[in-house]
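A short write-up of the structure that comes next.
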Amino acid sequence: MARADDHIDDIDLLAGLRRDLHAHPELGFEEERTSRIVRERLEEAGIAVTAGLGGTGLVGTLQAGNGHRRIALRADMDALAMRETAADRPHRSTVDGRMHACGHDGHTVMLLGAARALARSRSFSGTVHFVFQPAEEGRGGAQAMVADGFFERFPVDAVYGLHNMPGLAVDEIAVVEGPQLASSDRWRVTFRGEGTHGAKPHLGRDAVTAAGQFLTALHTIVARRVDPLQPAVVSACALQAGDFAALNVIPDEVAIGGTARAYSAQVREQVEAEIGRLAEGTAAMYGIACDYRYLRQIPPVINDPDATRRALGAARSAAATVRTSFPPSTAGDDFAVFSGHVPGCYVWLGNGPAEDGALHHNSRYDFNDAAIPTGVRFWTALVEQELAADAP
């Protein structure tokens with residue numbers, strides 16, 4: 001049986017497609033053009049496509065042999081709402097205020113290249129679902145696909161994800177068991193006092209001073225309440241109060257919002273409770289009221305031991321260097337929604353040196369096309385090994 005990597009599309013063609021996607025970025029749930037291109041390329045290869053899952057998401061399904069194991073491979077398609085500043089880049093974004101600053105254009109192309117190679121070789125026995133997810137960047141694309149019946153319509157035994165990582169070489173992959181990405185939640189506290197003249201603060205209830213006390217105390221949660229051996233992040237990222245056109249007015253309300261991150265369910269719950277405890281205690285101390293809301297968005301990505309073992313075998317077939325030790329990230333990824341239902345593994349693929357704006361979410365970031373061959377080889381090797389005729 002021929003191997004899939006004998007049938008990989010011309011890498012230059014895949015790189016050209018990647019640059020085309022980079023030049024035409026689309027935000028979450030708006031990936032109409034991207035989804036159409038992916039669908040056309042999959043159908044050209046004879047892969048069955050289910051479109052419109054979770055909005056603009058789609059799933060390509062390929063079955064070969066008589067194996068019963070079923071796996072899903074996931075790539076994200078959306079861009080970010082930010083302006084690209086690399087004016088010297090021929091394939092820079094053609095849409096103002098939109099850019100692929102996290103490499104999802106590369107993720108899409110690598111999975112598409114692997115799908116087409118596997119469709120030609122049929123070098124496996126079982127079923128693989130190629131999942132092209134919309135709206136990973138905080139808009140809930142994975143949850144939308146699951147709510148739309150992903151696991152009922154495409155039952156799988158395991159799910160795999162891949163993300164590029166600046167700082168690793170383009171022929172390098174990191175595969176690590178355990179936590180890889182943190183939970184990503186949002187919180188908001190609104191202090192409600194009694195506004196008054198700025199010269200007569202004693203006649204009101206000052207929500208601004210209360211907010212200042214709360215912000216100072218907020219940073220004691222990680223330093224003094226959470227176990228020092230358990231990583232966590234609590235950050236205040238937005239503050240609204242008063243009016244700079246009325247600097248003699250103490251306002252009635254102050255709103256503060258931010259993010260919280262953790263690698264375990266226990267710490268996640270503790271952080272949620274502690275923010276509320278501080279908010280309510282501060283409000284009581286200053287004789288004002290407060291409203292507290294905590295919005296759980298994305299659970300942590302935690303690699304399953306068996307799925308990690310399987311991904312590690314594929315990585316060793318695909319990359320020149322494989323790391324089994326790599327620090328987790330405090331960023332989040334809603335791949336966790338998929339891996340929360342079935343065993344999963346999320347791997348890091350090198351994107352080259354992290355310099356000159358090469359970091360994720362930087363306005364000069366660009367996916368490194370030299371990483372495409374390694375990514376395609378990893379996906380194809382994973383399918384061939386996971387769905388080998390004699391695989392457990």
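The values are calculated or read from the model by the stated rules, or taken from the named source; none is laboratory data. Keep in mind the model is a prediction, meaning the values are calculated, not measured. Glycine also receives a Cβ, built like all others from the backbone with ideal geometry; neighbour counts cover every protein chain displayed. These accessible areas exclude ligands, DNA and RNA; they are computed on the full protein's heavy atoms, side chains included. Shrake-Rupley method; radii C 1.70, N 1.55, O 1.52, S 1.80 Å.
A few notes on this one:
- Here the accessible area of the chain is 50 percent carbon and sulfur, with a 1.4 angstrom probe and all protein chains present.
- Distance between the pseudo-spin-label points of ALA217 and ALA284 (7 Å out from Cα toward the beta carbon): 0.9 nm.
- Per-residue ³J(HN,Hα) for the range 369-378, Karplus 6.51 cos²θ - 1.76 cosθ + 1.60, θ = phi - 60°, Hz, x for Gly and Pro: 4, 5, 7, 4, x, 5, x, 5, 4, 4
- Between LEU203 and ALA81, the FRET efficiency from the beta-carbon distance, with R0 = 56 Å, is close to 0.80.
- Within the range 238-303, chymotrypsin sites (Phe, Trp or Tyr not before Pro) in DSSP loop having at most 12 other beta-carbon neighbours inside 10 Å: PHE244
- ASP10-ARG188 pseudo-label distance in nm [points 7 Å out on the Cα-to-Cβ vector]: 5.2 nm
- Taking the charge dipole of the chain about its Cα centre, with +1 at Lys and Arg Cβ atoms and -1 at Asp and Glu Cβ atoms, the residue from PHE338, MET145, GLY57 reaching farthest to the positive side is PHE338.
- Entry note: the range 207-269 has Rg to Rh equal to 1.12, where both radii use alpha-carbon atoms and Rh is the Kirkwood radius.
- A dipole drawn for the range 1-113 from +1 and -1 charges on Cβ atoms has a positive end, and of GLY103, ILE71, LEU14 the residue lying farthest that way is ILE71.
- Looking at the chain, the accessible area is 42 square angstrom per residue; that uses a 1.4 Å probe and ignores ligands, DNA and RNA.
- The modelled label-to-label distance between ASP148 and GLU44, using points 7 Å beyond Cα along the C-beta direction, is 2.3 nm.
- Charge tally around VAL249: other residues with Cβ under 15 Å, Lys/Arg +1 each, Asp/Glu -1 each, net -3.
- Binned Cα-Cα distance frequencies in the range 181-245 - 10 Å width, integer %: 16, 40, 25, 14, 4
- Cα-based helix-to-principal-axis angle, 32-44 vs the chain, degrees rounded to 10: 20 degrees
- Each listed q (0.13, 0.20, 0.22, 0.29 Å⁻¹) maps to a log10 I(q)/I(0) for the range 292-357 from the Debye sum over equal C-alpha point scatterers, namely -0.48, -0.95, -1.06, -1.33.
- Cβ-placed point charges (K, R +1; D, E -1), dipole of the chain about Cα centre in debye, nearest 20: 500 debye
- Comparing Cα centroids, the range 215-229 and the range 19-96 end up 41 angstrom apart.
- Relative to the longest principal axis of the Cα atoms of the chain, helix 11-23 runs at roughly 30 degrees.
- Largest-first ellipsoid semi-axes for the range 258-387, taking √(5λ) over the Cα gyration tensor eigenvalues, angstrom: 39, 20, 11
- Computed over the chain: relative contact order in percent, which uses C-alpha pairs under 8 Å that are six or more apart: 25 percent
- Relative to the longest principal axis of the Cα atoms of the chain, the long axis of helix 207-218 lies at roughly 50 degrees.
- Calculated mean residue ellipticity, 222 nm, the chain: -10000 deg cm²/dmol, from DSSP H runs (n ≥ 4) at -39500 (n - 2.57) each, averaged per residue and rounded to 500.
- Charged-residue dipole, Cβ positions (Lys, Arg, Asp, Glu), the range 1-137 about Cα centre, Debye nearest 20: 500 debye
- For the range 288-350, a crude dipole built from +1 on the beta carbon of Lys and Arg and -1 on the beta carbon of Asp and Glu, taken about the Cα centre, is about 220 debye to the nearest 20.
- For the range 311-342 and the range 235-255, distance of Cα centres in Å: 43 Å
- Accessible surface of CYS290 - all protein chains present, 1.4 Å probe, nearest 10 Å²: 30 Å²
- Sparsely packed GluC sites (Glu not before Pro) within the range 295-392, loop by DSSP, other Cβ within 10 Å at most 16: GLU355
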